[in-house]
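A short worksheet on the structure shown next.
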Amino acid sequence: MQLTSRETAAKPLGISTVTVHAGEDRQKPGNSITDPIFCSATYTFPNTQSVIDFIEQKQPREEYGRYGNPGEKVVEKKLAALDGGESALLFSSGMAAIVGLLMAKLNAGDEVIFFDECYHRSREFCTKHLSRFGVTTHQVPAGDYEAMEAAITPATRLLVSESPTNPHLSVVDLERFADLGRRHDVETLIDATLATPYNVQPLTEGVDYVLHSATKYLAGHNDLLAGAIISTAEKLEPVRKLRGIMGAVNSPHNLYLLERGLKTFELRMQRQNENGIKIARFLEQHPRVEQVYYPGLESHRDHEVARRTMRGFGGLITFLVKDADWRQTGAIVDAVRIPRIGPSLGGVESLIEQPLVMSYYECTPEERKSFGIPDNMIRLACGIENPEDLVADIEQALESASL
Ligand SMILES: *Cc1c(COP(=O)(O)O)cnc(C)c1O
């Protein structure tokens, strides 16, 4: 027996039951409890007739490593079950997944509309590269559904947003977003990397594609890169075909690490949600903090939507240091002892960064202003460390650095 879906069981299975067991055979080669790592670039056939049978009957077996690996199938089944989708498609990184989906779905003359708060490289791909192939990108302010609707033309093929967004943590009303697409016969894509399937289920709200950088919470250990798209098998078919050509696939070892990371996904999310809200509340009352962006706080612009649609609010917190220039802000980052300085989020180790320096250093002040990145902004990605230790550490950092 294989557990493949949370819904086919008499009662929907819990998240950890799914991540530990879904997609795996009960009895494995060598009677091993863990899945073997198939270190194989190619797969053999016993004779010519079996090659012909494989092609004509579309038999479910492997052929060549760029088209699939047994470990990839296991992880894809887990991810599809987690998001309540029919099918999942893994890529070698989150960016490979985004690029793969957009390249597979868009043709010259098509238009795509983005909410403008988005991962820097997604925006860069659309504005600098899709444009070279005759695809037009429109950006509208995050959360402005009227502006998005007004930007739709007969050439629009895809509406795209993150939720929550990075680094402002704006939360999209997924039902409203999906409805906008449906009414205009345009497909919708949500990058739910920051939310994870623990906190939101965009497909059940009617969104067509949900995308994750599995590098972050899904793998959870800051030790691999991967990306995933979940949707119907039919919608994913052209993307799967293009992936086979792009070759943006995971190595067998990477797939094993991702499968292993997923086993503790729910436990990690519970702690990261807990750390997120505790640290956000601590920061909000601290006299050296000007503003905290965290959707779990009543003061957040999208708190109502977040409270209604999210189970937890995640481990990412962005805040502004009161009356600090960029050097003083950097001094606070440097005074922190537990979180490490680095990009990324969602792993067991907390990470801290100043967006101005880490991701937007080469932008002009005008560009940073347009992206909403002030000099005194800090982004903290909570790991699974104990919340009281993290709070005490951030408190000493805020108080030690002289402003
Ligand atoms: C990290 C990230 C990506 C890119 O994923 P990679 O795995 O680093 O390629 C895309 N979207 C969001 C929201 C991210 O945080």
Margin query: Report, to one decimal in Å, the Kirkwood hydrodynamic radius for the range 89-141 based on all distinct Cα pairs.
Written below: 11.4 Å
Check: So in the chain, what percent of DSSP beta bridges are antiparallel if you round to the nearest 5?
Finding: 55 percent
Note to self: Taking a virtual spin label 7 Å from the Cα of residue 28 along the C-beta vector, which residues in the range 230-258 bring their backbone nitrogen under 18 Å of it?
What the structure shows: 251-258
Notebook entry, point to check: Based solely on its DSSP helices, what 222 nm [θ] is calculated for the chain when runs of n ≥ 4 H residues each add -39,500 (n - 2.57) and the sum is averaged over all residues, nearest 500 deg cm²/dmol?
Noted result: -11500 deg cm²/dmol
Checklist line | Residues whose placed amide H lies under 5 Å from that of residue 23, excluding near-sequence neighbours | finding: 3, 4
Next item on the list: May I ask for log10 I(q)/I(0) of the range 201-264 at q = 0.19 Å⁻¹, from a Debye sum over the Cα atoms as equal point scatterers with solvent left out?
Entry: -0.84
Next item on the list: Grab the alpha carbons of the range 7-155, take their convex hull, and tell me the volume per residue in Å³.
Entry: 212 Å³
Next item on the list: Compute the Cα gyration tensor for the range 100-247, then decide on rounded, prolate or oblate, letting a ≥ b ≥ c be the square roots of its eigenvalues: rounded whenever a/c is under 1.5, prolate when a/b is larger than b/c in the other cases, and oblate in all that remain.
Entry: rounded
Item checked: For the range 257-272, 3J(HN,Hα) per residue [Karplus equation, 6.51 cos²θ - 1.76 cosθ + 1.60, θ = phi - 60°, Hz, x = Gly/Pro] -> 4, 5, 4, 5, x, 4, 4, 9, 3, 5, 4, 5, 5, 4, 5, 5
Note to self: Compute a Gaussian network model of the chain, connecting alpha carbons closer than 10 Å, and tell me which residue from 306, 96, 335 fluctuates the most.
What the structure shows: 335
Notebook entry, point to check: Taking the DSSP beta bridges in the range 127-275 as the whole, what percent of them are antiparallel, to the nearest 5?
Noted result: 35 percent
Item checked: Helix 94-105 vs. the chain, principal-axis angle (Cα, 0 to 90°, nearest 10) -> 60 degrees
Check: Kirkwood hydrodynamic radius (Cα pairs, Å) of the range 5-262?
Finding: 19.1 Å
Note to self: Taking amide H atoms as placed 1.01 Å from N in the peptide plane, list the residues 5 or more away in sequence, or in a different chain, whose amide H sits under 5 Å from that of residue 170.
What the structure shows: 165
Item checked: Carbon/sulfur fraction of accessible area - the chain, other protein chains in place, 1.4 Å, % -> 52 percent
Margin query: For the pair residue 311/residue 298, report the inter-label distance in nm, with labels modelled 7 Å from Cα in the Cβ direction.
Written below: 2.6 nm
Notebook entry, point to check: So how strong a dipole does the chain carry about its Cα centre when Lys and Arg Cβ are +1 and Asp and Glu Cβ are -1, to the nearest 20 debye?
Noted result: 880 debye
Checklist line | Gained length - residue 123 relative to residue 42, 0.36 nm times residue gap less alpha-carbon distance | finding: 25.6 nm
Notebook entry, point to check: Looking only at GluC sites (Glu not before Pro) in DSSP loops with at most 11 other Cβ atoms within 10 Å, what is the longest site-free stretch of the chain?
Noted result: 8-297
Margin query: Just to confirm, what accessible area per residue do you get for the chain at 1.4 Å probe, in whole Å²?
Written below: 45 Å²
Check: Stretched out fully, how many nm does the piece from residue 185 to residue 251 gain, at 0.36 nm a residue minus the Cα gap?
Finding: 20.0 nm
Notebook entry, point to check: Most mobile of 352, 338, 279 per a Gaussian network model of the chain (Cα springs, under 10 Å)?
Noted result: 338
Check: Relative contact order for the chain: what is it in percent, counting Cα pairs under 8 Å that are at least 6 residues apart?
Finding: 15 percent
Item checked: Sequence-distant residues sharing a close amide H with residue 316 (under 5 Å, placed H) -> 382
Next item on the list: Can you tell me the 0 to 90 degree angle between the C-alpha axis of helix 326-335 and the longest principal axis of the chain, rounded to 10?
Entry: 70 degrees
Notebook entry, point to check: Which angle from 0 to 90°, rounded to the nearest 10, does the C-alpha axis of helix 70-82 make with the longest principal axis of the chain?
Noted result: 60 degrees
Next item on the list: Pairs of Cα atoms under 8 Å, at least six residues apart: use those to get the relative contact order of the range 266-400, whole percent.
Entry: 29 percent
Item checked: Nearest-20 debye value, the range 123-177 charge dipole, Cβ charges on Lys, Arg, Asp, Glu -> 380 debye
Margin query: Between 275, 254, 386, where does the largest GNM mean-square fluctuation fall for the chain, given springs only between Cα atoms within less than 10 Å?
Written below: 386
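The values are calculated or read from the model by the stated rules, or taken from the named source; none is laboratory data. Just so you know, these numbers come straight off a predicted model, no measurement behind them. Neighbour counts run over all protein chains shown; Cβ positions are idealised from the backbone, glycine included. All accessible areas refer to the heavy atoms of the entire protein, side chains included, with ligands and DNA or RNA removed. Shrake-Rupley method; radii C 1.70, N 1.55, O 1.52, S 1.80 Å.
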